[in-house]
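**Q** Handing you this structure, nothing more for now.
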Amino acid sequence: MMRKLLWIGSLSYLATGFSHVLIGAILTSLLDHYGGAYSEGGRLVFAQFSGFLIGVSAVGFIVQRLGRRTVLVAAMAIMAAAQFYAMTLPGWEILTGVLFIMGIAFGSIESSIGALILLAFKEKQAGAMGKLELYFGLGALLMPFFAGVFLYFDAWPMAFLPLGLLALALALAWRLLDFGTEAEAYMRRAESSPARGQARRKARSAGEGRGAAAGSAAAPPLPRSGYGMLGGFALFFFLYVGMEVCIVEFAPSWMKDGYALSTSASAWSVTAFWFTMSVGRALIGVLAERFSYAAYLTASIVLSLAAATGLALSSTAWVAYMCMAVLGFAMAGIFAVALIYANSMITGREQFTTSFLIAAGGVGGSLLPLLLGGWMDRFGALSSIWLLTAAIGLMLLIVISMPLFKRQGRQAVL
């Protein structure tokens, strides 16, 4: 039954992978249709990830009251409806609103399932999160491919259809499938687990009331050093998600403007990025368990820094494609392993830490594309790659500094 839960969770991450890259894959044609500039495209991405931020921030509160299954069914249904309506190419303002609502839906899905898997797979978190991220990568890989095909046949509005159908099927799956007693216990509340649920029932039967029951589910207080670590990880996720969104949303524009490629060939550059990222994510469980989380992250970020520098300096399209492929492989496990690393350093607060960090990523995913779109309008597409290279460098400094916060916390206790 837990295996079934992981499979449906993985397919749901496949849908969120579709969601993250859909607009970027057809952005050039979308802007041509509506007569917008890159800054307008940045605002479109901003609207989507603003919704994502709201979904991530509110999902814990909503799950506590409605249950995780209800939230997932509703979010999948909303995502499906948004895709089907977007195919009609409504007015720009309406399309922006549709993408905002879609962002709320897939933000709720990503945060809820991420916390659920971290809670349900305590002993094999790296492998389970690696599988989620693998399917996210497959979704992000397949979406530009589908978009490239639709673009080739000049039927790019149909690019919304695959995600709409997948979301509809997943809404039915979350509504109808039985995941077993153990899995259902994790799906009732955001901070719930079988042991905690049993403790709450015993507390109520002993007459300790709702206050004791609520206290058993409360997270432990955060130590002083924990605030520094949480802030550092928040900045890390802000930069990483913002950088990833910028890559998948604007890489086709980089390739088209920098190397005079066709629209479909430019879109497939993102396919190269996500193909190698999917390969890398298939190896997360093996590599992350063999090495420490900090060592894995450091090596991944150093390789990402080298690939981004090569991309900024590349003079031919083939070199740029190769750098995109290396960048995808290097970035493959950063999100999942950083999330596990953060929860291993800030213990006992899985739902809060997961939601908070994904929310920080959502802020980056909304703001950085908005800023980068304006930068591209003013200074050109290729110059923006240097900004992302600098962001990777800052991420490296954050990872290196994390053990210092932990050490300060231990010294304070002593």
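The values are calculated or read from the model by the stated rules, or taken from the named source; none is laboratory data. All values derive from a computational prediction rather than experimental measurement. Here the Cβ is made from the backbone with ideal geometry for all residues, glycine too, and neighbour counts use every protein chain on show. Remember, those area values only see protein heavy atoms, side chains included, never the ligands or the DNA or RNA. Shrake-Rupley method; radii C 1.70, N 1.55, O 1.52, S 1.80 Å.
**Q** Given the condition open to solvent by 30 Å² or more (accessible area, probe 1.4 Å), of a type in the set (Ser, Thr, Tyr), at pLDDT below 85 and more than 18 Å from LEU368 (Cα to Cα), answer yes or no: does some residue in segment 264-273 qualify?
**A** Checked segment 264-273: no residue is open to solvent by 30 Å² or more (accessible area, probe 1.4 Å), of a type in the set (Ser, Thr, Tyr), at pLDDT below 85 and more than 18 Å from LEU368 (Cα to Cα).
**Q** Would you check which residues across segment 294-316 are among the hydrophobic types (A, V, I, L, M, F, W, C), touching a residue at least 40 places away in the same chain (Cβ under 8 Å) and open to solvent by less than 20 Å² (accessible area, probe 1.4 Å) and list them?
**A** Correct list: LEU297, ILE301, ALA308, LEU311.
**Q** Is it true that some residue in segment 335-353 is open to solvent by 10 Å² or more (accessible area, probe 1.4 Å), within 19 Å of PHE49 (Cα to Cα) and at pLDDT below 85?
**A** no
**Q** I would also like to ask the following. Counting just the residues of segment 19-37 that are crowded, with 24+ Cβ neighbours inside 10 Å and farther than 25 Å from LEU119 by Cα, which one comes out nearest to the chain's Cα centre (by Cα)?
**A** Out of the qualifying residues, it is VAL21.
**Q** Might you check whether a residue that is touching a residue at least 12 places away in the same chain (Cβ under 8 Å), over 17 Å from the mean Cα position of the chain (by Cα) and assigned to a helix (DSSP H, G or I) occurs anywhere in segment 133-143?
**A** No, the conditions are met nowhere in segment 133-143.
**Q** Enumerate the pairs (first residue in segment 366-383 and under 20 Å from LYS256 (Cα atoms); second residue anywhere and open to solvent by 10 Å² or more (accessible area, probe 1.4 Å) and of a type in the set (Asp, Glu)) with beta-carbon separation below 8 Å, excluding pairs fewer than 6 apart on the same chain, so at least 6 apart or on different chains.
**A** Within 8 Å, the pairs are GLY373/GLU40; GLY380/ASP257; ALA381/ASP257; LEU382/ASP257.
**Q** Further question: Check ILE392, ILE398, ILE358 and return the single one that is among the β-branched types (Val, Ile, Thr), surrounded by fewer than 23 Cβ atoms within 10 Å (Cβ to Cβ) and touching a residue at least 12 places away in the same chain (Cβ under 8 Å). Don't jump to the end; show me each part of the working.
**A** Values: ILE392 fails: surrounded by fewer than 23 Cβ atoms within 10 Å (Cβ to Cβ); ILE358 fails: surrounded by fewer than 23 Cβ atoms within 10 Å (Cβ to Cβ).
Matching residue, one of ILE392, ILE398, ILE358: ILE398.
**Q** In addition: Hand me the list of helices (runs of 4 or more DSSP H) wholly inside segment 299-408 holding 3 or more residues that are under 17 Å from GLY228 (Cα atoms).
**A** Per the criteria, 334-345, 350-379.
**Q** If a residue must be surrounded by fewer than 22 Cβ atoms within 10 Å (Cβ to Cβ), touching a residue at least 12 places away in the same chain (Cβ under 8 Å) and of a type in the set (S, T, N, Q), how many such residues does segment 51-87 contain?
**A** Qualifying residue count, segment 51-87: 2.
**Q** Using beta carbons and a limit of 9 Å, which pairs, at least six apart or on different chains, have the first residue in segment 92-103 and closer than 12 Å to GLY36 by Cβ and the second one modelled with pLDDT of 90 or more and crowded, with 20+ Cβ neighbours inside 10 Å?
**A** Qualifying pairs under 9 Å: LEU95/ALA86.
**Q** Would you mind stating whether GLY36 is part of a helix (DSSP H, G or I) and touching a residue at least 40 places away in the same chain (Cβ under 8 Å)?
**A** no
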